[in-house]
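The values are calculated or read from the model by the stated rules, or taken from the named source; none is laboratory data. Remember, predicted model here, so these are calculated numbers, not experimental data. Methodologically, a virtual Cβ is constructed for each residue, glycine included, from the backbone with ideal geometry; neighbour enumeration extends over all protein chains shown.
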Ligand code: LLP
């Protein structure tokens with residue numbers, strides 16, 4: 001099957017709505033990531049896939065087979081990753097509220113390290129590791145107070161956000177860790193936000209990390225691993241023209257601006273940029289409804305299947321896979337009893353008829369995984385290219 005096309009014949013016998021993942025594009029994206037990360041960092045750049053973006057088992061298997069590590073934020077994600085073949089020594093685990101069973105799971109699996117977000121959490125990890133007579137590797141998530149030019153709900157690196165440890169407390173936490181027997185300080189972790197397209201935001205993060213490292217070195221503290229989180233955005237407006245994000249620019253930004261010490265390892269946690277463009281939500285048009293001032297295309301997918309437009313006013317390009325007639329202007333809406341159940345307003349699409357297949361593009365990240373059963377709807381199934389061959 002040609003890269004970028006949809007197996008529309010097979011779609012006809014498939015219950016809608018469903019997610020469709022173009023695995024040729026996913027593999028091309030993964031190849032680009034590996035090539036560009038190696039070009040910039042040799043063996044010192046380590047890319048972890050942020051599982052929160054999409055934990056579909058088939059997708060996870062492809063990503064683990066490509067050799068990426070995993071960034072998990074729950075025990076459930078750690079289980080999914082182990083199950084999909086990720087090597088435990090490439091799994092990192094973050095989150096402000098880790099439960100005891102989740103910490104124990106990470107300890108039992110011998111994951112690479114915990115990204116710790118508070119002193120009380122550090123103490124609990126020390127205690128639980130002690131009960132197992134183990135030493136947990138810990139990295140501290142520092143809130144760098146660097147803003148990202150993105151939606152307010154997905155910026156995380158400001159002092160007002162709940163994430164991480166304040167910069168002013170960084171030295172204190174490292175000192176506390178040194179007094180605890182069952183934790184080993186192995187690194188610093190940062191993340192400023194998501195859907196970032198302005199490389200200047202990452203430059204600001206690099207500058208901040210450089211300052212913090214200089215300060216630590218004045219106290220003879222050396223850091224083995226720097227983890228800069230994720231956040232690289234995708235082109236939601238042009239999924240066909242820009243199917244693979246500009247990883248070259250992204251990694252080069254870090255190579256140029258971050259003063260990585262010899263032997264220091266740089267870790268990335270990319271989610272959206274890895275899987276975003278390869279996924280589409282496929283839905284059927286149920287009705288075309290003419291209202292006084294506009295026309296609605298009412299489709300069988302709703303905000304329960306893809307919540308991003310309702311939650312973040314996010315835009316997903318919509319394409320009619322069944323029609324090449326002239327374009328008309330539609331509000332594309334779902335069947336859910338909520339007025340925010342709108343995918344797009346006043347958007348031009350090839351003339352729609354009942355039964356046409358629409359593809360909501362760039363839905364591979366934070367789509368299927370954020371689906372809910374509101375209104376007693378079934379969860380959408382996720383298919384990959386190979387399922388239709
Ligand atoms: N690392 C940490 C610590 C994170 O909090 C996140 C995302 C990532 C990595 C991955 O970020 P990415 O490379 O995907 O930008 N549901 C929202 C996005 C929430 C992102 C949360 N954290 C959306 O649909 O836009």
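For the structure I just gave you, tell me whether residue 241 is at pLDDT 95 or above, away from the ligand (no atom under 13 Å from the Cβ), out of contact with any strand residue (DSSP E or B) (no Cβ under 9 Å at 6 or more places or on another chain) and outside any helix (DSSP H, G or I).
yes
Quickly run through region 338-366 and pick out the residues that are more than 24 Å from the chain's Cα centre (by Cα), part of a loop (DSSP other than H, G, I, E, B) and closer than 18 Å to residue 18 by Cα.
354, 355, 356
If I filter region 302-316 down to residues being under 15 Å from residue 369 (Cα atoms) and in a loop (DSSP other than H, G, I, E, B), which single residue comes out as nearest to the ligand (Cβ to nearest atom)?
Among residues in region 302-316 that are under 15 Å from residue 369 (Cα atoms) and in a loop (DSSP other than H, G, I, E, B), the one nearest to the ligand (Cβ to nearest atom) is 307.
Return the pairs, sorted by first residue and then second, in which the second residue is part of a helix (DSSP H, G or I), the first residue lies in region 36-47 and is farther than 16 Å from residue 227 by Cα, the beta carbons are less than 6 Å apart, and the residues are 6+ apart or on different chains.
36/247; 36/248; 36/251
Determine whether region 201-218 contains at least one residue that is over 15 Å from residue 144 (Cα atoms) and either within 16 Å of the ligand (Cβ to nearest atom) or in a loop (DSSP other than H, G, I, E, B) (or both).
No, because not a single residue in region 201-218 is over 15 Å from residue 144 (Cα atoms) and either within 16 Å of the ligand (Cβ to nearest atom) or in a loop (DSSP other than H, G, I, E, B) (or both).
From the list 328, 386, 319, 378, which residue is in a loop (DSSP other than H, G, I, E, B) and either at pLDDT 95 or above or touching a helix residue (DSSP H, G or I) at 6+ places or on another chain (Cβ under 6 Å) (or both)?
After applying the criteria, what remains is 378.
Would you mind finding the one in 258, 286, 321 that is touching a residue at least 24 places away in the same chain (Cβ under 8 Å), away from the ligand (no atom under 16 Å from the Cβ), surrounded by 13 or more Cβ atoms within 10 Å (Cβ to Cβ) and within 30 Å of residue 200 (Cα to Cα)?
258
Enumerate the pairs (first residue in region 175-186 and within 15 Å of residue 129 (Cα to Cα); second residue anywhere and assigned to a loop (DSSP other than H, G, I, E, B)) with beta-carbon separation below 6 Å, excluding pairs fewer than 6 apart on the same chain, so at least 6 apart or on different chains.
Filtered contacts from region 175-186: 182/135; 184/135.
Would region 266-276 turn up any residue that is within 14 Å of the ligand (Cβ to nearest atom), under 21 Å from residue 309 (Cβ atoms), touching a strand residue (DSSP E or B) at 6+ places or on another chain (Cβ under 6 Å) and in a helix (DSSP H, G or I)?
Taking every residue of region 266-276 in turn, at least one turns out to be within 14 Å of the ligand (Cβ to nearest atom), under 21 Å from residue 309 (Cβ atoms), touching a strand residue (DSSP E or B) at 6+ places or on another chain (Cβ under 6 Å) and in a helix (DSSP H, G or I).
Find the strands (runs of 3 or more DSSP E) located wholly in region 37-143 whose residues include 1 or more that are within 20 Å of residue 188 (Cα to Cα), more than 14 Å from the ligand (Cβ to nearest atom) and modelled with pLDDT of 95 or more, and list them.
Per the criteria, 45-50, 136-143.
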